[in-house]
Amino acid sequence: MIPGGMDMEKKRIVLLGATGSIGQNSCAILAANRERFETIAVAARSSLDGLADAAVKLGAKVALTTDTALESELASRLPSSIKAASGMDELLNIVTSKEVDIVICAIIGTAGIRPVLAAIEAGKTIALASKEVMVAAGDLVNAALKAHPEAQLLPVDSEHSGVFQCLAGRRTDEVDTIWLTASGGPFRNWSAEKIANATVAEALAHPTWNMGRKITIDSASMMNKALELVEAKYLFAKYNAKLDVLVHPQSAVHALIELTDGSLIAQCGYPDMKLPIAYALSYPERLPFPGKRLSLAELKTLEFFAPDRKKFPAFSFADAALEAGGTLPCAMNAANEIAVERFCRGEINFGSIYRIIDCVMSNWHNEAQASLEQLQIADTEARSKALEVRL
Ligand code: MG
């Protein structure tokens, strides 16, 4: 033990989604804290150069591509000290191996569901950045966590990390409302007509956060907040709290909880994803952070607004998904992914993202989440319906 109580036995890490925005921030934290973390494996889909770089930088034992056809190409980029691997089965073997303590899940989309469920069943700690896992499979994940109480799921999404920090030590019956903040994105002050015709470049110009492409578009449409409301419902299910959103353009306050007596507890910090990632990796300890700190005196003003629900239909979709549960949140997520792809390809205008999601959700035959297989069928069905919507 060192002063501060940090057990110096190294935490053994698997990083899924090593080449994305969260993955690269995770690499920076793991590389800067080699005395605390040992990286067993890094995984990604197809960015082989980035994956090989991450494996070398972190001294990983294994680098894995989920695409089996790319394994030999990956191997050719690795030094002989790092083993190349491929495919979902091999990924599940690594995630559940005795050698692993913490799984960082930063894979884009619902591809994270299987590894997260497997990691829970193996009693691991999961640092979850892939919000789609809780959005699409929240009931399945919570059932697995109940059956494997030795497993731990820690949020990496900045708002949810904020909620998690506000909730520390609270009784479940103390919490009235969980508030997520939203920067409001680049279209906060635009008219509905202007938003409907926004270009890809305009949607990618986020005012405060520097993130991946899909999540930046989702922030412009406010679908990111819709997904995060559903994510919060499942992550913090035991508090049975109301969920709401505050638009907060400075992105300094990430979340608040409102207690039954009306007290508000807020979590603030400089908008840098390294903070919530580091907290999930070091929990319940905190790591020293060399980066920029939030100065409230410099910032001077914190603004909060109720979201404009008329201008941003994303909130109606969230209400419907929160109310119905079952496979509807999975359908919402899948329809949104396809709609964003169609928008980025130049096939549809920005406003049609909402029309596609609305069309898929309002014609959805909802069912309780029964199994992973059933969810995969629902996911596939919602995607094909979203592709078929004619505008
Ligand atoms: Mg977030």
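The values are calculated or read from the model by the stated rules, or taken from the named source; none is laboratory data. Every value quoted in this text rests on a predicted model; they were computed, and no experiment measured them. Cβ: placed from backbone, ideal geometry, glycine included. Neighbour counts: every protein chain shown. Note: accessible area is taken over every heavy atom of the protein model, side chains too, but ligands, DNA and RNA are not part of it. Shrake-Rupley method; radii C 1.70, N 1.55, O 1.52, S 1.80 Å.
If you roll a 1.4 angstrom probe over the protein chains with everything in place, what fraction of the accessible area of segment 307-391 belongs to carbon and sulfur, to the nearest %?
On the way: 1930 of 3840 Å².
On segment 307-391, the fraction of accessible area on carbon and sulfur atoms equals 50 percent.
Over segment 80-214, accessible surface divided per residue gives 40 Å², non-protein components excluded, 1.4 Å probe. Less than 5 angstrom separates the built amide H of Ile126 from those of Val103, Gln152, Leu153, Leu154, all sequence-distant by 5 or more or on a different chain. For Ala205 and Glu150, the difference between the fully extended length at 0.36 nm per residue and the C-alpha to C-alpha distance is 15.6 nm. Converting phi to 3J(HN,Hα) with the Karplus coefficients 6.51, -1.76 and 1.60 and the offset θ = phi - 60°, segment 50-64 yields x, 5, 4, 4, 4, 4, 5, 4, 9, x, 5, 7, 9, 10, 10 Hz in sequence order, with x at every glycine or proline. Among Tyr354, Tyr239, Tyr283, the largest mean-square fluctuation in a Gaussian network model of the chain (Cα springs under 10 Å) belongs to Tyr283. Coupling constants for segment 191-208 follow from the phi torsions by the Karplus curve (6.51 cos²θ - 1.76 cosθ + 1.60, θ = phi - 60°), and in residue order they are 7, 4, 5, 5, 4, 4, 10, 5, 8, 4, 4, 5, 5, 8, 8, 6, x, 10 Hz; glycine and proline get x.
A simple spin-label model places pseudo-atoms 7 Å from Cα toward Cβ; at Glu298 and Ser47 they are separated by 2.7 nm. Using R0 = 35 Å, the C-beta based FRET efficiency linking Asp244 and Asn363 works out to 0.80.
In a Gaussian network model over the chain where Cα atoms closer than 10 Å are linked, find which of Leu299, Leu322, Leu51 has the largest mean-square fluctuation. Top of the fluctuation ranking is Leu299.
Could you state the orientation-averaged shadow area of the convex hull built on the Cα atoms of segment 22-166, in nm² to one decimal?
On the way: hull surface 34.7 nm².
Projected area, direction-averaged: 8.7 nm².
Taking each of Lys11/Lys274; Lys11/Lys98; Lys131/Lys233; Lys146/Lys274; Lys57/Lys214 in turn, the alpha-carbon distance tops 22 angstrom for Lys146/Lys274; Lys57/Lys214. Ligands, DNA and RNA are left out, and with a 1.4 angstrom probe the accessible area of segment 262-372 is 49 Å² per residue.
Distances between placed amide hydrogens fall under 5 Å for Ala182 paired with Leu246, Val247, His248, all partners being 5 or more residues away or on another chain. All Cα-Cα separations within segment 33-92 were binned at 5 Å from zero, giving a P(r) of 4, 22, 34, 23, 11, 5, 1, 0, each value a whole percent of the pairs. Each peptide in 150-160, 287-297, 209-219 receives the mean, over its residues, of other Cβ atoms within 10 Å, and ordering these scores from highest gives 150-160, 209-219, 287-297. Shown here: segment 137-293, whose C-alpha atoms stretch 48, 35, 33 Å along the first, second and third principal axes, sorted largest to smallest.
Once backbone amide H atoms are built at 1.01 Å from N, Lys83 has Val62, Ala63 as its partners under 5 Å, excluding neighbours fewer than 5 places away on the same chain.
Here the Karplus relation 6.51 cos²θ - 1.76 cosθ + 1.60, evaluated at θ = phi - 60°, turns the backbone of segment 152-168 into coupling constants of 9, 10, 10, x, 10, 3, 4, 5, 6, 5, x, 4, 4, 5, 5, 7, 3 Hz, with x for every Gly and Pro.
Spread over its residues, the convex hull of the C-alpha atoms of the chain is 148 Å³ per residue. Taking every Cα-Cα distance in segment 314-391 and sorting them into 10 Å bins from zero, the calculated P(r) comes out as 21, 53, 23, 3 percent.
Mean separation of Cα pairs under 8 Å and 6+ residues apart, divided by the residue count of the chain: what relative contact order is that in percent? Before the final figure, lay out each step's value.
Details: 718 pairs, mean separation 54.0, N = 391.
It comes to 14 percent, rounded to a whole number.
When the expected Rg is taken as 2.2 N^0.38 Å, what fraction or multiple of it is the alpha-carbon Rg of segment 130-225?
In units of the globular-protein estimate, segment 130-225 measures up at 1.36.
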